[in-house]
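The values are calculated or read from the model by the stated rules, or taken from the named source; none is laboratory data. Computed from a predicted model, the values in this text were never measured in an experiment. Here Cβ is always computed from backbone atoms with ideal geometry, including for glycine, and neighbour counts include all displayed protein chains. Quick note on the areas: whole protein, heavy atoms, side chains included, nothing else; ligands and nucleic acids left out. Shrake-Rupley method; radii C 1.70, N 1.55, O 1.52, S 1.80 Å.
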Amino acid sequence: MKKNYTYDLSVIIVNYNVEFFLEQCLNSVGKASEHLKVQVFVVDNNSIDGSVDMVRKKFPDVNLIANKDNKGFSKANNQAIVLSNARYVLLLNPDTVVEEDTFDKIVAFMDQREDVGGLGVRMIDGKGKFLPESKRGLPTPAVAFYKIFGISKLFSKSKRFGRYHLGYLSEFENNEIEILSGAFMFMRSEALEKVGLLDETFFMYGEDIDLSYRILKGGYKNYYFADTRIIHYKGESTKKSSINYVFVFYRAMIIFAEKHFSQKNARLFSFLINLAIYFRAFLALAARFIKRSALPLSDFALILTGLYALTHHWSVENIHFPSLVINFALPAYSIIWMLAVLFTNGYDRKIKFGNILKGVFLGTIFILVIYALLPKNLQFSRLFILTGALWTFFFYVISRIFLHFTIGKRFNLSAAKKKKFGIVGSKEEFDRVSDLLKQTNDNIETIEQISVAEEKDEGAVGTLQQLDQIIHMHGLSEVIFCARDTAAHEIIKWMSSIDSSKIDFKIAQPDSISLIGSNSIDTAGDLYVMNINAINRSENIRNKRMLDLLVSTVFILLSPLLIFLYEKKKKFISNLFRIWIGKSSFVGYNLNAYSENENLPRIKNGVLNPTDPHNLQDPQLIDKMNLIYARDYTISKDISILMNAWKLLDR
């Protein structure tokens, strides 16, 4: 006997620290739910980014389950499924955008096909490119082998080798498939009642494969439905290139094999997967090591080679260096100059010779100070140090010019090219988003309005229907769609039809401080928010950590003397060691007001905070000081706070 359901559809979204993507997703879900009876669940896995408060404030009708710990994907979805009361259940990722008629179409399709238990849709990434995981085959040992070792990618259209992503099936046609994607998993509630919920043995990954397979074994079919599209930004929960992802994903495959395959096939599958795990982990480690160490190691080798060559020149003039200098001093000098260049941002993507010069100069001063403290018998030649500094700077200049012309993108000497933006929306939204854009981006050449109406607004360069021509004529580098004025299906249509190799896309949500997009399938998703992110720029993160490390090291070495200046001696020592190992920082936000600043960039907890030198008590002033600290951060701020409030390091 069929159950009497109250709703047509239950949408279940599991969220973990993607507040702005979740807001965008819920907005699109709301528009897609207008013609059906839909209940929406958000299960938050203990996010710390303000997601829970955002849902409560902006989406009061959503059924919110706020977990106090991260329960994983399966358990979190099951929490909502057992509470749902609808004919169909949709498991939806928070980093997605659905079209206005997506729910109408998938419900109508399933109503006509009672033999279908599960359905997936055509997914595109933030550049408008089709995502092959929209349709997948069962990962049998053979299919897994072809996938693991890249054979399926080489022969993606082959019926034998391309079964993992079913590359031989058209992305534009409805087809019966085996495995649904967990990003959009639409299922008949009766099927779930028959085959069971998500297997909670899977913490993350593999649970979609397991449930899809059980739906098939339960006598139902799974379908790929090409008549609607969604955007899936991908990668918000994990970095898929990380070693941790490799282990978690492939271990999930082993659990699946042991559960569903014969003992013989499961052993073969397990062997292949374990082989793949260590093979991929080795490749990931090797790639990471090469990527991070190739440049500094080559710099060190060439700088040191130059210094050795200089000693040879000195020896021709009958000036011989002690072996201690040759074996230890020259490598030390090379490292000091390199660290100084690193500290002055000389290793940033944007190459500035002024930063390199500053670093070499500071390194030289440091070396000369150390040199002055050495015994006379080890003081060999100040001129050599100065000549070595000139060689080091000369090397950096020549090598970076060479890298600029050979590699280019990674080592860019040119001034950052200013961007031309097009904003698709009404005049009101254009003005709002323009102001937001100016606060989040310092690299703007022009901002043009593109009207959504058939007749263009005064001051607009054209209408949405002319978007491709406008991009070409005005040389736009980025298009921002205002979601209040532009339908999701229009956004997705244009993203799919425009050549995305030279243009990026963003979506501006109504009454939101965020502009969301994704510039490639490999990025987690690009996000413009109010410009309070100075503290999280790579150079500031690095400088802040180096200051913490250097000062904590000095304080630890002097602690036998400094400890008498503090009342809570154990706490003082404990704080120093926490800072030294990177668990804490000397300076962080004032945590008493942190809850009021839920959109501030995340940083380590600090022993001191920006309000300490001023002894502020007013919550609003404290909140403002936290904001200013994040927005205008420089390393000198930490030094100033430390110099003025060092007596509080024992709290």
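Ile335 versus Ala372, label points 7 Å from Cα toward the beta carbon: distance in nm?
2.4
When the solvent-accessible surface of protein heavy atoms is calculated with a 1.4 angstrom probe, in what order do Met546, Met185 fall, highest first?
Working: Met546 40, Met185 0 Å².
These residues rank, largest area first, as Met546, Met185.
I want to check the label-to-label distance for Ile635 and Asp457. Put each point 7 Å from Cα in the C-beta direction and report it in nm to one decimal.
4.5
At 1.4 Å probe size, with no ligands or nucleic acids counted, give the accessible surface of His474 in Å², nearest ten.
70
If I take every Cα pair under 8 Å that is 6 or more residues apart in segment 85-172, average their sequence separation and divide by the length, what percent do I get for the relative contact order?
Across segment 85-172, relative contact order equals 19 percent.
Where in segment 26-99 are there chymotrypsin sites (Phe, Trp or Tyr not before Pro) that are in a DSSP coil and have at most 16 other Cβ atoms within 10 angstrom of their Cβ? List each step's numbers first, then the result.
On the way: sites: Phe41, Phe73, Tyr88; in loops: none.
Loop-located and lightly packed - none at all.
Can you tell me the relative contact order of segment 1-103? Whole percent, Cα pairs under 8 Å, sequence separation 6 or more.
Worked out over segment 1-103, it gives 45 percent.
Can you give the accessible area of Tyr278, probe radius 1.4 Å, in Å² rounded to 10?
That residue has around 130 Å² of solvent-accessible surface.
What FRET efficiency comes out for His474 versus Ile541 if R0 is 41 angstrom and r is the Cβ-Cβ distance? Round to the nearest 0.05.
0.70
First compute the accessible area of segment 362-485 with a 1.4 Å probe, then give the percent of it belonging to carbon and sulfur atoms. Could the numbers behind the result be given before it?
Values: 4130 of 6880 Å².
Here carbon and sulfur together make up 60 percent of the probe-accessible area.
Between segment 565-592 and segment 321-349, how many Å separate their Cα centres?
31
Across segment 83-92, in residue order, what do the Karplus-derived ³J(HN,Hα) couplings come to in whole Hz, using 6.51 cos²θ - 1.76 cosθ + 1.60 with θ = phi - 60° and x for Gly and Pro?
With the stated coefficients, segment 83-92 comes to 9, 6, 9, 9, 5, 10, 10, 10, 8, 10 Hz.
As an exercise, use a Förster radius of 51 Å and the Cβ-Cβ distance of Lys352 and Ala142 to find the FRET efficiency, rounded to the nearest 0.05.
Between Lys352 and Ala142 the formula returns 0.45.
When the solvent-accessible surface of protein heavy atoms is calculated with a 1.4 angstrom probe, in what order do Phe21, Phe289 fall, highest first? Mind dumping the intermediate values first?
On the way: Phe21 10, Phe289 130 Å².
Solvent-accessible surface, decreasing: Phe289, Phe21.
Which order do you get for Arg400, Arg214, Arg537 if you rank them by accessible area with a 1.4 Å probe, largest at the top?
Arg537, Arg214, Arg400
Rolling a 1.4 angstrom probe over the protein heavy atoms, how many square angstrom per residue are accessible across segment 1-132?
Accessible surface, normalised per residue, equals 38 Å².
With r defined as the distance between the Cβ atoms of Glu173 and Lys194 and R0 fixed at 25 Å, what FRET efficiency is calculated, to the nearest 0.05? All intermediate terms of the calculation are to be shown ahead of the outcome.
Working: r = 28 Å, r/R0 = 1.14.
In this case the efficiency is close to 0.30.
Pairs Lys68/Lys506; Lys135/Lys159; Lys234/Lys420: which exceed 23 Å Cα-Cα?
In this structure, Lys68/Lys506; Lys234/Lys420 exceed 23 Å between Cα atoms.
Would you mind pulling out the separation of the Cα centroids of segment 70-102 and segment 143-199, in Å?
So the separation of the two Cα centres works out to 19 Å.
I'd like the accessible area for Tyr371: 1.4 Å probe, protein heavy atoms, all chains in place, Å² to the nearest 10.
In the full protein context, Tyr371 sits at about 10 Å².
When the accessible area of segment 96-224 is split by element with a 1.4 Å probe, what percent falls to carbon and sulfur?
On the way: 2640 of 4930 Å².
Carbon with sulfur: 54 percent of the solvent-accessible area.
What are the residues whose amide H is under 5 Å from the amide H of Ser33, where those residues sit 5 or more places off or on another chain and H is modelled from the backbone?
none
³J(HN,Hα) across segment 126-137 via Karplus (A = 6.51, B = -1.76, C = 1.60, θ = phi - 60°), whole Hz, x for Gly/Pro?
Along segment 126-137, the couplings run x, 9, x, 8, 5, 9, x, 6, 4, 9, 9, x Hz.
How large, in percent, is the carbon and sulfur part of the accessible surface of segment 45-90 at a probe radius of 1.4 Å?
Accessible surface attributable to carbon and sulfur in segment 45-90 totals 49 percent.
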